[in-house]
Amino acid sequence: MDIKELESGVDPKTHWYYQSKKIPLFSFVKKINRQLGKPLTIIDFGAGSGFFSYELEQFNPELTEKIYLVDIEYSDKELSDTKGQKIEKRREMPDNVESAVVVMMDVLEHIEHDDAVLAHIKSKCLKNCYYFITVPAFLSLWSGHDVYLGHYRRYRIPTLRSLLNKVGFEIGNISYLYGSIFPLVWAVRMLTKNTTSKSSMAPVNPFANSILKAYNSAEMSLGRYNKLFGVTCTAEGKIC
């Protein structure tokens, strides 16, 4: 999770967007855990605050043996304080990775050469390694939100598929999330396209938040079948 989004006062532990977005990630990790028959290594690449991994550990600790939060912005103190712990912060990918899920939650859009980073990740993986990726979708949604967060691009299914094929990742599924709210988000982005760059994430009153959380969480069960449009593009599959 991008730390800059926390500056708007959003609490990801309650906010509808983050609470619904974790659902397909958790489902994928559970599927790979059953498939391999043992706890997994999670590598949260570009982890930022590490929100999704901390949530995974809190609610499904039995699924994981080790969690690496990988981000170049971590301080020396953060590295030393977590060294040897189940959830450990690093600035670089560990070597010789096996039986792992590499998680990239809204990371690739921040990287100029996304193909080079994925190739680097692949070079660190030995066997039974998988990936789960989310990225912002559709250039038509480009706004001050993207500028504020330092995005290079937004993706569609064909562009994400082409990228994954280029670096040799096996594709299990690619789809869109938040399809039903896409028209509303598109309309808002069109109206605010030329405004000052800032995050579009903001706290929501508890009642509206509970409605949005329930609605979007329910939609996540159908998200993998949505190939038409959405606010987020997601991909999952095998690295090696």
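The values are calculated or read from the model by the stated rules, or taken from the named source; none is laboratory data. This is a predicted model, so every value here is computed, not measured. Glycine also receives a Cβ, built like all others from the backbone with ideal geometry; neighbour counts cover every protein chain displayed.
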For this session: Out of D106, D71, report the one residue that is in contact (Cβ under 8 Å) with a residue 12 or more places away in the chain, on the phi > 0 side of the Ramachandran plot and surrounded by 15 or more Cβ atoms within 10 Å (Cβ to Cβ).
Result: D106
Exercise. For the subset of region 196-218 comprising residues that are over 16 Å from Y18 (Cα atoms) and loosely packed, with under 12 Cβ neighbours inside 10 Å, which member is modelled with the lowest pLDDT?
Worked result: T196
Problem set entry | Residue among R189, R224 that is assigned to a helix (DSSP H, G or I), within 16 Å of the chain's Cα centre (by Cα) and in contact (Cβ under 8 Å) with a residue 12 or more places away in the chain | R224
Exercise. Only one of (1) under 20 Å from I43 (Cα atoms); (2) modelled with pLDDT under 95 is not met by G144, so which one is it?
Worked result: (1)
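Just to be sure before I move on: is S53 within 26 Å of C125 (Cβ to Cβ), modelled with pLDDT of 95 or more, among the hydroxyl-bearing types (S, T, Y) and surrounded by fewer than 20 Cβ atoms within 10 Å (Cβ to Cβ) in the structure I sent?
So S53 does not fit the description; no.
Look through region 7-52, keep the residues that are part of a helix (DSSP H, G or I) and of a type in the set (S, T, N, Q), and return whichever of them is farthest from I111 (Cα to Cα).
Quick first cut of region 7-52, residues part of a helix (DSSP H, G or I) only: 7-8, 16-36, 51-52.
The next check asks that each one be of a type in the set (S, T, N, Q); those that pass are 8, 19-20, 27, 33, 35.
On the way: S8: 23, Q19: 25, S20: 25, S27: 26, N33: 29, Q35: 31 Å.
The qualifying residue farthest from I111 (Cα to Cα) is Q35.
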For this session: Please give the number of the condition K77 fails out of (1) touching a residue at least 12 places away in the same chain (Cβ under 8 Å); (2) more than 26 Å from Y18 (Cα to Cα).
Result: (1)
Seminar exercise, completed: Restricted to region 119-147 and to residues being of a type outside the set (S, T, Y) and within 14 Å of the chain's Cα centre (by Cα), the residue farthest from K66 (Cα to Cα) is A137
Exercise. Exactly one of (1) surrounded by fewer than 19 Cβ atoms within 10 Å (Cβ to Cβ); (2) assigned to a helix (DSSP H, G or I) is unmet by I121. Its number?
Worked result: (1)
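Conditions (1) in contact (Cβ under 8 Å) with a residue 24 or more places away in the chain; (2) surrounded by 15 or more Cβ atoms within 10 Å (Cβ to Cβ); (3) outside any helix (DSSP H, G or I), marked per residue:
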| position | (1), (2), (3) |
| --- | --- |
| P136 | yes, yes, yes |
| Y148 | yes, yes, no |
| Y152 | yes, no, yes |
| S162 | no, no, no |
| N165 | no, no, no |
| N173 | yes, no, yes |
